[in-house]
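We did not get these values from a lab; they are worked out from the coordinates using the rules stated. As the structure is a prediction and not an experimental result, all values here were calculated from the model. Positions of Cβ are generated from backbone atoms using ideal geometry, with glycine treated the same way; all protein chains shown enter the neighbour counts.
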Amino acid sequence: ITTYAQELLDDLDTLTDWPARIVTQQRNWIGKSEGARVAFEVAEHEAVIEIFTTRLDTIHGCTYVVLAPEHPLAAKIATAKRQSQVSAFIEKMRQTDRIERTAVGGKKEGVFTGSYAQNPYTGEKVPVWLANFVLADYGTGAVMSVPAHDQRDFEFAQAYDLPIRPVIMPETGAPWVAPLTQAFTDDGVLADSGPFSKLSSAEARQRMAAHAQERGFGEATLHWHLRDWGFSRQRYWGTPIPIIYCEKDGTVPVPESDLPVQLPDFDATALTGTGGAPLAKLKAFYETTCPKCKGPARREVETMDTFVDSTWYYARFASPRYGEGPVDPEQARRWLPIDIYVGGPEHAVMHLLYFRFWTKAMRDLGLITFDEPARRLITQGMVNALAFRCAEHGYVPAAEYRNKPEAERVCPKCNKPLLAAVEKMSKSKYNGVDPMDLIDQYGADTARLYTLFAAPPEKDLEWSPESVEGLYRFAGRVFRVSLAQAARVRGASLPRSMQGLAGADLEVRRAVHRALAKVTADIAERTHFNTAIAALMELVNTLHEHQMHVGGKVSPGVAAETLQLLAQMLAPFAPHLAEEVWAAAGGKGLVGHSRWPTPDPESLTRDTVRIAVQVNGKLRGQIEVEPSAAESAVAALARQDANVTRHLEGKSVRKQIYVPGRLINFVAG
């Protein structure tokens, strides 16, 4: 994967329809760092500590060097007096989680090795420490510590009373204020840095790297946080790795004619979870013949990580029955890349990164022709619900306590009060909801409507059974409108434009086409199903205002078009109800087979504008007027607003400010 590091980084800029947080996480995980490697000789040892730094301009402020506890020199350079402390610290760090070790704001821990390393720029000998926050797999596993210009180094220096020496001045020329209360981490101008003093940080880094290369103790270099992916696993379930080991010919790939290597049948009771790779127990599988020398050989018994399968399955979907290779090029060109991909944010730097890498590898093998697997990514939120837990005995079934008074929410074992909190739904927390219970009570459409209405896809959803009732009532209102109109709209001709419409017909047709424009955008562009359903609710309110649930004055043609469009908009959310409405409105066939409608542009044009009404600069009301309305007419209508009238009472209007189409302000006193 590191072969593709630069491309994986660069192409993040093309993923404009991926969530910004996913792009940022991948950018940081790939972690391109331009810096320098510098060698520090360890006094009294024939050893050299090679450090990697992105801030070579600060090296004259280095007051100590830190090694990762796992660094190969960590134990070797410890002096006799410090050996026991160093060994104990190394063992402690071996048992400490790396995330805990490097947590921002976490406690900085370390131990002095007793040895010193020489700064090649100054000749100064600085102490060598081991510290919890340095990891062996980042850079060289060794860092020069400049506490005046790195906050982590600053905190460590304060904890262990190590010198803090500023060597970078702010570009503003502001002096240092001693003692420093935090590290100055910005670029600036070098000071107390020998021949490099008074240079800018950027220029100094270039010159100092060149100086190190000339003198043979360092060079400019590029570091990546990204590491190659070791994907073999000691599991049965996984893709067999097509490699054969031969004593004579070494590592030999399985011939293409013998691919794919099939997993053998395996007795599940033999999968104990211990004792190495399960396939190593099957001689019939691992004993084979070398493809080169035909002598005895052994198959690889580990299998690929299942992440391998999830990196390219999408491409196989384009041609699942294709037998000439993994992907049919013609079908791949037709169907791929993916338009919308839904994946969890927890996979940001695993599956979603491997997914991109594998796509680029397949492209380079000539299997596909695109660079990125998905144009748009949606990261779904979690479904949360109220959970109840006893501090001593753990979780209890939420359904049994949700509707009980707080005084009765006690542990059945110890009778102590239960702790209530909204948490992710899971079997272990006993706060899951069986959708069949909801379907049995309210129907499948209401269950769908509630799930989609409760939150946008990317946000967490807090499950609230009480809120389902509102969606059930909405579905009922839709059904009553369709029943009331069914006989009236039979055989009616649908309107083709706004021409000739007035009154209720004009308002209803405008409302349904505006709803269609909103729902279309919410589904296709924003994927905000909740606001699309809200737009449908608003539309149904309008239909009720015009008495369509009891007949009303809307003409049969407008009513028929309205119900057909309502059915089509409702279909993705409540398909069964939508079919009923479609049939009642005289729609042909199934609504699910109909083409998605297009809103009438004429109906989207506003025939009025909303004017904000202010009194002495404060908003006191809003009015609707024709765009061409004269100022005098706007002022007269504004003064009729009850709230505006109240704030003008007893005052005289000294000045009137009108911004056409936007606001009118009465300056009164």
Ascending count of other beta-carbon atoms within 10 Å, so fewest first, for SER197, SER652: SER652, SER197
message: Assuming 0.36 nm per residue, please report the length gained on full extension of the stretch THR531 to TRP596 beyond their Cα-Cα distance.
response: 21.6 nm
- prompt: Of (i) 61, 41, 28; (ii) 93, 30, 18; (iii) 41, 30, 25, which one was derived for semi-axes √(5λ) of the Cα gyration tensor in Å from the structure shown?
  reply: (i)
- prompt: With each label point set 7 Å from Cα along the Cα-Cβ vector, what nm distance links GLN206 and LYS76?
  reply: 3.7
- prompt: Between the helical axis of 83-94 and the dominant principal axis of the chain, each derived from Cα atoms, what acute angle in degrees is found, rounded to the nearest 10?
  reply: 30
task: Would you mind calculating the gained length between ARG363 and ILE99 on full extension (0.36 nm times residue separation, minus the Cα-Cα distance), in nm to one decimal?
output: 91.5 nm
field: trypsin sites (Lys or Arg not before Pro) within region 475-504: DSSP coil, no more than 11 neighbouring Cβ in 10 Å
entry: ARG496
message: Between LYS283 and ASP309, what's the calculated FRET efficiency when r is the beta-carbon distance and R0 is 25 Å? Round to 0.05.
response: 0.40
message: Could you tell me which residue out of GLY238, ALA280, ALA20 lies farthest along the dipole of the chain toward its positive end? Charges go on the beta carbon: Lys and Arg +1, Asp and Glu -1, centred on the Cα centre.
response: ALA20
Rough spin-label spacing in nm, given labels placed 7 Å along Cα→Cβ, for ARG227 and VAL433: 4.2
- prompt: How about region 283-328: which GluC sites (Glu not before Pro) there are in a DSSP loop, with at most 14 other Cβ atoms within 10 Å of their Cβ?
  reply: GLU324
- line: Checked region 32-224 against the a/c 1.5 cut and the a/b vs b/c comparison, axes a ≥ b ≥ c from its Cα gyration tensor; verdict prolate
statement: With DSSP loop assignment and no more than 13 other C-beta atoms within 10 Å, the trypsin sites (Lys or Arg not before Pro) in region 81-164 are LYS107
- prompt: If you stretched the chain out fully between GLN656 and LYS292, how much longer would it get, using 0.36 nm times the residue separation minus the C-alpha to C-alpha distance?
  reply: 121.5 nm
- prompt: With r defined as the distance between the Cβ atoms of ASP460 and HIS393 and R0 fixed at 41 Å, what FRET efficiency is calculated, to the nearest 0.05?
  reply: 0.90
task: May I have the convex hull volume per residue, in Å³, for the Cα set of region 192-246?
output: 199
message: Which aspartates and glutamates, if any, have their Cα less than 18 Å from the Cα of LYS32, not counting same-chain residues under 8 positions apart?
response: GLU7, ASP10, ASP11, ASP13, ASP137, GLU219, ASP228
field: Least to most buried among ARG448, ARG207, ARG389 (fewest other Cβ within 10 Å first)
entry: ARG207, ARG389, ARG448
From the C-alpha gyration tensor of region 232-304, square roots of 5λ in Å: 22, 12, 10
- prompt: If you find the alpha carbon centre of region 298-334 and of region 520-586, how far apart are they in angstrom?
  reply: 43
- line: Of the residues ALA5, VAL38, LEU73, the Cα lying farthest along the dipole of region 1-139 towards its positive end, which is defined by charges on the beta carbon of Lys, Arg, Asp and Glu, belongs to LEU73
message: About the Cα centre, and with charges only on the beta carbon of Lys, Arg (+1) and Asp, Glu (-1), how big is the dipole of the chain? Nearest 20 debye, please.
response: 1500
task: Between LEU619 and LYS588, with labels modelled 7 Å along Cα→Cβ, what's the label distance in nm to one decimal, could you check?
output: 4.8
query: Once the other residues with Cβ under 11 Å from the Cβ of ALA47 are scored (Lys, Arg +1; Asp, Glu -1), what is the net sum?
result: -3
field: Nearest-0.05 FRET efficiency for LYS125 and ARG215, computed from C-beta distance (R0 25 Å)
entry: 0.90
message: Please list, in order, the residues from region 58-77 whose amide nitrogen is less than 14 Å from a point placed 7 Å along the Cα→Cβ vector of ALA47.
response: 65-77
message: Given the DSSP H assignment, sum -39500 (n - 2.57) over each helix run of at least 4 residues in the chain and divide by its residue total; what's the result at 222 nm in deg cm²/dmol, nearest 500?
response: -10000 deg cm²/dmol
message: How tilted is helix 444-453 with respect to the longest principal axis of the chain? Cα atoms for both, answer in degrees (0 to 90, nearest 10).
response: 60
query: What are the radius of gyration and Dmax of region 330-431, computed over its Cα atoms and given in Å?
result: 23.0, 68
field: 30 Å Cα-Cα threshold exceeded, pairs from LYS76/LYS108; LYS92/LYS416; LYS76/LYS107; LYS107/LYS429; LYS76/LYS248; LYS459/LYS588
entry: LYS92/LYS416; LYS107/LYS429; LYS76/LYS248; LYS459/LYS588
message: When the expected Rg is taken as 2.2 N^0.38 Å, what fraction or multiple of it is the alpha-carbon Rg of region 398-514?
response: 1.66
- prompt: How far is the Cα center of region 55-77 from the Cα center of region 500-519, in Å?
  reply: 72
